[in-house]
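Enquirer: Attaching a single structure in structure tokens format; questions to follow.
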Amino acid sequence: MKPSGWQELLLAALFAMLAAFVPLVANGYWLSIAVTAMMYLALATSWALFSGPTHYISLATGAFFGIGGYLVGSMMSDYQLAFWVPLVVAPVVAALLAMLIGLATLRLSGVYFVIFTLGLAEMIRNLISWIQNNFLGSRGLYVLTDLRDQHIYWMLLAVAAVVYLLGWLINRSRLGFALRIIGNDETVARHVGINTATAKVILFTTTGFFAALVGAIIAPRWSYIEPNQVFSPQLSFLVVIMALLGGAGRLWGPLVGVIPFTIIWEWVGVQFPNQSFLFMGLAFLLIVYVLPNGVVGRIEQLRARLREREA
Amino acid sequence: MLDILVSGLLLSGTYALVAMGLNLQYGVARIMNLANGEVLVLGALAAFWLFTTSQVSPLLTVILVIPVAFVGNWLIYRFLLTPLVRRSKNQGQLEVDAILATFGMSFILIGIMVSIEGGFFAYKYLSEPISILGSTSSLNRLVAFLIAVAIGGALYLWLNHTRPGVAVRAVAVSTEASGLVGINVPRMSALAFALGGAITAVGGALISTFITLDASIGVVFTMKALIIVIMGGVGEIRGAIVAAAILGLVETAVATLVDPGLTLAAAYLIFVLILLFRPQGLFGRVSS
């Protein structure tokens, strides 16, 4: 992948400005889909910051997202704190956790990392349920705020924009260059003097931070928080599907995947409520066998072929 | 205390068997099969379904499952995974592709299983209490353990004392070198993958006699099998047995002394310790 230029940043800014007007024209059902799409866009873009260049499939999104949502519920319900407190605390907690996980697993081969993140959301959910039942008392966690769907949407849009900008800056920095070398060949990267573990840990910590932030922002939407609901392993997989479907090799790749997939996913949920697993499986197979570099990769491949023919 | 020891060790028998299956798939065929747990649950579903609809003994299902799972896994390897092996330029790319493809398969299997049986696979078979070394356990746990030991032992003998077994182990050591000495590597990989899948499904049928499963629990067993394989060292059968015993004991101890809901957390604790102190596994050699 090439460093994105100013042109791409300008297009992204234009898109963000247009997206900001969505709550003014859409309401009810379509606004709620827009919120979901914006949530996945922020999650998938931050996921791709790390997994795009390194090709490490992270399934930790659900765990960090859950930490965000759960801390909002717990801090507002158990300790009567204002909404902004967990909004600041949760991402920091998740970032610290991501850093520890990164330090333990990212020094080793990529498989260990994938396996570790695979059961992470489930494990943290078990742990929190246990703590809640034994030490905190199993009361419900209520999140009562004045925030409506459009406010959540704008906050998520802001997060997505920040993630995009950050990704753009990273791409142009030494860190981004180092990551691309790691993704091409880790041994080479090590031999030219790149501290591969540090670079990976920094990026992974960043994605943990943003996933928790998104989880915290979206929490008021549910008003009632349960560990079983916020620590959903399914979320991690959906984010992977959307990012890869669009193409994780480009900063704007996830955008291409998120919008159609969110709409299709909503439709599947209504039409075939019991077959969501089947569709998720088919989406993975589609990615591996038909679109290994995502829609964006396929388009670029076609364009390259056209150019060859002209030449 | 003795109770923990006995039931922990009985549990570890089936764990070791399932980990052997995964070991064949990852160590020999070099496919990180994350649908492993779903294949296990499929074996459990077969045992449950045959028992509740036509009173077929789960022990008979164990035998029935072997050829079915073998053929099924062979087809998966041949038609879905071989193209990935061919197109990958290096082991890293194959790993990513295999992980994504087996995720897809695992979700498709869950989807199919949910549509067959959406609830728990609950049935009672040989659940009378028995006494082992003064501690009470149930007969089904003992029977499952003995069958797991028998199958695992047979596999061990096959790998060490027959020609195809040695060929499979050679592929595990080096695909290139085995190709040079005239071993049909693609065929042996397919054989190992199919055999691994069959063993995993058998393990699932056995586990279902004493643990109640449901269609979406596979990932937990995938995690456990992976942790055992990593703890024992990839390709190490003795290592897998010791690691399975450790995991079985620790899980049982945590479940009885602290809380049954924390078994996965206990497995993770072991996993973290292994990653920090012996990433090559208890019995593994440091690879170059």
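The values are calculated or read from the model by the stated rules, or taken from the named source; none is laboratory data. Everything quoted here is computed from the prediction, not taken from an experiment. Using ideal geometry, Cβ is built from the backbone for each residue, glycine included, and neighbour counts are taken over all protein chains shown. Side chains included, ligands, DNA and RNA excluded: accessible areas come from the protein's heavy atoms. Shrake-Rupley method; radii C 1.70, N 1.55, O 1.52, S 1.80 Å.
Enquirer: Rounded if a/c is under 1.5, else prolate if a/b beats b/c, else oblate: with a ≥ b ≥ c from the C-alpha gyration tensor eigenvalues square-rooted, which is region A:1-114?
Expert: oblate
Enquirer: I've got another one for you. Taking 1 over the mean of 1/r across every pair of different Cα atoms in region B:40-95, what Kirkwood radius in Å do you get?
Expert: 13.2 Å
Enquirer: Determine the share of chain A's accessible area contributed by carbon and sulfur atoms, expressed in whole percent, with a 1.4 angstrom probe.
Expert: 66 percent
Enquirer: Also: What is the angle, in °, between the Cα long axis of helix B:2-23 and the longest principal axis of the Cα atoms in chain B? Nearest 10 is fine, range 0 to 90.
Expert: 30 degrees
Enquirer: If R₀ is 25 angstrom, what is the calculated FRET efficiency for the pair A:ARG307 and A:LEU11, using the beta carbon separation as r and rounding to 0.05?
Expert: My answer for the efficiency is 0.70.
Enquirer: Given axes a ≥ b ≥ c from the Cα gyration tensor, I'd like to know whether region B:104-166 is rounded (a/c under 1.5), prolate (a/b larger than b/c) or oblate.
Expert: It is oblate, given that a/c is not under 1.5 and a/b is not larger than b/c.
Enquirer: If you build the Cα gyration tensor of chain A and take the root of 5 times each eigenvalue, what three semi-axes come out, in whole angstrom, biggest first?
Expert: Three semi-axes, in Å: 31, 24, 19.
Enquirer: Additional query: Enumerate the aspartates and glutamates that B:LYS89 could reach by cross-link, defined here as Cα to Cα under 12 Å, with residues fewer than 8 away along the same chain left out.
Expert: Cα-Cα hits under 12 Å: A:ASP185, B:ASP97.
Enquirer: How much length would be gained if the chain were fully extended between B:TRP158 and B:SER88, taking 0.36 nm per residue of separation minus their Cα-Cα distance, in nm to one decimal?
Expert: Taking B:TRP158 through B:SER88 to full extension adds about 22.1 nm, to one decimal.
Enquirer: Another question about this same structure. Springs between alpha-carbon pairs under 10 angstrom, Gaussian network model over chain A: which of A:VAL239, A:VAL268, A:VAL258 fluctuates most?
Expert: Greatest mean-square fluctuation among the candidates belongs to A:VAL268.
Enquirer: Any idea of A:TYR79's accessible area? Nearest 10 Å², probe 1.4 Å.
Expert: Accessible area, nearest 10 Å²: 140 Å².
Enquirer: What number, in percent, do you get for the relative contact order of region B:152-288 if the mean sequence gap of Cα pairs under 8 Å and at least 6 apart is divided by its residue count?
Expert: Relative CO of region B:152-288 lands at 18 percent.
Enquirer: In degrees from 0 to 90, rounded to the nearest 10, what is the angle of the helix A:196-218 Cα long axis to the longest principal axis of chain A?
Expert: 40 degrees
Enquirer: Could I ask something else about it? First measure r as the distance between the Cβ atoms of B:LEU75 and A:VAL88, then evaluate 1/(1 + (r/R0)^6) with R0 = 60 Å and state the FRET efficiency to the nearest 0.05.
Expert: So, using R0 = 60 Å, E works out to roughly 0.70.
Enquirer: Buried accessible area for the B:A pair, summed, 1.4 Å probe, in Å² rounded to 100?
Expert: 3300 Å²
Enquirer: Still on this structure, please answer the following. Under the definition of Cα pairs under 8 Å and six or more residues apart, what whole-number percent is the relative contact order of region A:6-232?
Expert: Answer for region A:6-232 is 43 percent.
Enquirer: Rounded to whole Å and ordered largest first, report the semi-axes of the equivalent ellipsoid of region B:1-73 derived from its Cα gyration tensor (root of 5λ).
Expert: 22, 22, 9
Enquirer: Quantify how strongly other chains surround peptide A:103-116 by giving the mean number of their Cβ atoms within 10 Å of each of its Cβ atoms.
Expert: Mean inter-chain Cβ contacts per residue within 10 Å come to 5.
Enquirer: Which value, to two decimals, describes the C-alpha radius of gyration of the protein assembly as shown once divided by 2.2 N^0.38 Å?
Expert: Scaled against compact globular proteins, the figure is 0.98.
Enquirer: Counting partner chain Cβ atoms within 10 Å of every residue's Cβ in A:94-101, what's the average?
Expert: 0
Enquirer: Where only protein heavy atoms count, and the probe is 1.4 Å, what is the accessible area per residue for region B:1-41 in Å²?
Expert: Ligands and nucleic acids excluded, the result is 21 Å² per residue.
Enquirer: On to the next question. Taking every pair of alpha-carbon atoms in region B:205-249, what share in percent sits in each 10 Å bin, from 0 to the bin with the longest distance?
Expert: 27, 47, 26, 0
Enquirer: How crowded by other chains is A:289-295, given as the mean number of beta carbons from other chains within 10 Å of each beta carbon?
Expert: 2
Enquirer: Suppose we take every Cα in region B:2-214 and form the convex hull; what volume per residue is that in Å³?
Expert: About 123 Å³ per residue, rounded to a whole number.
Enquirer: Leaving out ligands, DNA and RNA but keeping every protein chain, what accessible area does B:ARG238 have, in Å² rounded to the nearest 10, with a 1.4 Å probe?
Expert: Rounded to the nearest 10, the figure is 140 Å².
Enquirer: What accessible surface, in Å², does a 1.4 Å probe find on B:MET113, ignoring ligands, DNA and RNA and rounding to the nearest 10?
Expert: 0 Å²
Enquirer: Quick check: pseudo-label points 7 Å beyond the Cα along Cα→Cβ at A:TYR289 and A:ILE263, how many nm apart are they?
Expert: Between A:TYR289 and A:ILE263, the label points sit 2.6 nm apart.
Enquirer: Contact order normalised by length for chain B, with contacts defined as Cα pairs under 8 Å and 6 or more residues apart; what percent is it?
Expert: 38 percent
Enquirer: Taking 1 over the mean of 1/r across every pair of different Cα atoms in region B:42-136, what Kirkwood radius in Å do you get?
Expert: Final number for the Kirkwood radius of region B:42-136 is 16.3 Å.
Enquirer: Right, another one. Once the other residues with Cβ under 14 Å from the Cβ of B:PHE221 are scored (Lys, Arg +1; Asp, Glu -1), what is the net sum?
Expert: Around B:PHE221, the surrounding residues sum to -3.
Enquirer: What would the Debye equation give as log₁₀ I(q)/I(0) for region A:71-209 at q = 0.20 Å⁻¹, counting only Cα atoms as equal point scatterers?
Expert: Summing over Cα pairs of region A:71-209 leads to -1.26.
Enquirer: How charged is the neighbourhood of A:ALA178? Take every other residue with its Cβ under 13 Å from the Cβ of A:ALA178, and add Lys/Arg as +1 and Asp/Glu as -1.
Expert: +3
Enquirer: B:ASN23: net charge of surrounding residues, Cβ under 14 Å, Lys/Arg +1, Asp/Glu -1, itself excluded?
Expert: +3
Enquirer: Follow-up. Hey, what angle do you get for helix A:84-105 against the long axis of chain A, alpha-carbon based, 0 to 90 degrees rounded to 10?
Expert: Computed tilt is about 50 degrees.
Enquirer: Would you mind putting A:52-63, B:88-99 in packing order, based on average other-beta-carbon counts within 10 Å, highest first?
Expert: Ranking the peptides A:52-63, B:88-99 by packing returns A:52-63, B:88-99.
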